[in-house]
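FYI, it's all coordinate maths here, none of it is from the lab. Fair warning: this is a prediction, and the values are worked out from it, not measured in the lab. Neighbour counts run over all protein chains shown; Cβ positions are idealised from the backbone, glycine included.
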Amino acid sequence: MSGTVLLGYDIETASDSTVGFLEGAAIIHDKHEVPWAVYVTGATVEKCTDAVRKVRDNELLTVCQHTYDHMLLKCVYMMPGDVKPLHGESPNAFIRGGTLEEVREQISKTQALMRDLVGVECQGLTAPWCYYRGLVDRPDLLQVLEDNGIRWVRAYGRDYRDCQPTPFTAQPFFYKDQGFPDILELGMQGYQDDFYWDRFDDRRHGDTYQDYLYATLEEVAKNDWVWNVASHDHGTPTKEAFFETKGKWIEDFIVRGKEVGVRFAAPGDFYAEMVARRDAGEEIAACL
Ligand SMILES: [Zn+2]
């Protein structure tokens with residue numbers, strides 16, 4: 001058995017849910033000695049500075065960014081092909097992305113906030129909402145990431161309908177063909193949280209999100225895939241609330257992951273490994 005799992009959480013509500021999530025997640029990751037990353041919006045860093053500072057020195061944690069106030073780097077047009085309401089009344093959803101200048105401002109401002117308020121130089125970024133095929137068609141956006149010292153990004157997190165699950169063919173690759181051989185796309189395979197799994201009604205493996213997670217872990221181990229797993233600081237105003245909701249499946253997931261023998265990696269270590277493989281001549285091609 002093999003397979004690699006990276007756990008990374010979007011911290012974006014700038015509210016009590018941020019505090020509850022960070023406190024709860026730190027307890028779980030310390031208990032199981034499993035690395036984790038947080039992708040924090042600049043607005044959340046401003047509002048919840050103490051909560052982020054409190055976990056910043058956790059040796060298992062990598063602090064990354066998620067734009068200033070969750071601006072999409074590009075548009076998303078979700079067409080699930082069913083009649084269930086999506087984000088609003090319609091089953092389809094069009095979410096507008098920012099302009100290049102707006103996105104540049106959002107990312108550089110957040111780098112500065114992270115540096116000034118938390119003392120962190122972010123090397124990773126999650127693109128709000130994520131996109132089909134990530135940033136393969138946007139060298140201008142990749143240039144913004146490069147200019148801001150971003151080394152790994154989670155931007156490929158949707159299927160051809162701009163929905164989910166994101167296929168596991170979306171394995172990590174460098175944006176070499178776009179002229180950015182040092183920027184690694186990690187992908188965000190599967191569902192970006194329990195609420196998307198629920199919306200897309202994926203009961204193939206059972207009635208709970210854990211059923212889906214466990215079945216997918218077996219596949220990841222069997223095929224030696226990389227799986228970037230995500231969650232959000234939604235509905236977690238206290239650590240007790242966290243343990244009753246997100247924390248429940250996160251801990252179950254970690255325990256089962258250890259049972260099936262996947263390894264848990266920190267994004268910085270994983271990035272260094274991928275660079276070493278690339279520099280040793282291995283072809284790490286995008287498979288879209
Ligand atoms: Zn987000």
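Tabulated values for the structure
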item: 3J(HN,Hα) from dihedral phi, region 216-231, Karplus parametrisation 6.51/-1.76/1.60, rounded to Hz, x for glycine, proline; result: 6, 4, 4, 5, 4, 5, 4, 9, 6, 7, 9, 10, 8, 9, 10, 8
item: Where a label projected 7 Å from the Cα of LEU117 along Cα→Cβ would reach, residues of region 1-33 with amide N under 12 Å; result: 12-15
item: Environment charge at VAL118 (Cβ cut-off 15 Å; Lys +1, Arg +1, Asp -1, Glu -1); result: +1
item: Cβ-Cβ FRET estimate between ASP69 and ASP159, R0 fixed at 25 Å, reported to 0.05; result: 0.40
item: Nearest-20 debye value, the chain charge dipole, Cβ charges on Lys, Arg, Asp, Glu; result: 180
item: With eigenvalues of the C-alpha gyration tensor scaled by 5 and rooted, region 52-102, Å; result: 33, 17, 9
item: Counted charge near THR18, where neighbours are those whose Cβ lies closer than 13 Å (Asp, Glu -1; Lys, Arg +1); result: -2
item: Calculated FRET value between ASP269 and GLU89, using beta carbons and R₀ = 45 Å, to 0.05; result: 0.50
item: GNM flexibility winner over the chain from TRP36, TRP152, TRP249 (Cα, springs under 10 Å); result: TRP249
item: The chain, relative contact order [Cα under 8 Å, separation at least 6], %; result: 27
item: Largest to smallest principal axis extent of the C-alpha atoms in region 4-279, angstrom; result: 45, 44, 42
item: Region 1-49 and region 125-153: distance between their alpha carbon centers, rounded to Å; result: 21
item: Pairs of Cα atoms farther than 21 Å apart, region 1-122, %; result: 49
item: Label-to-label distance, nm, for residues given as ASP201 and THR49 (7 Å Cα→Cβ offset); result: 4.8
item: Lysine pair count for the chain [Cα-Cα under 23 Å; pairs on different chains or 8 or more apart]; result: 18
item: For LEU72, residues with placed amide H under 5 Å, excluding near neighbours; result: GLY98
item: Where only C-alpha atoms are counted, convex hull volume of region 192-265 per residue in Å³; result: 97
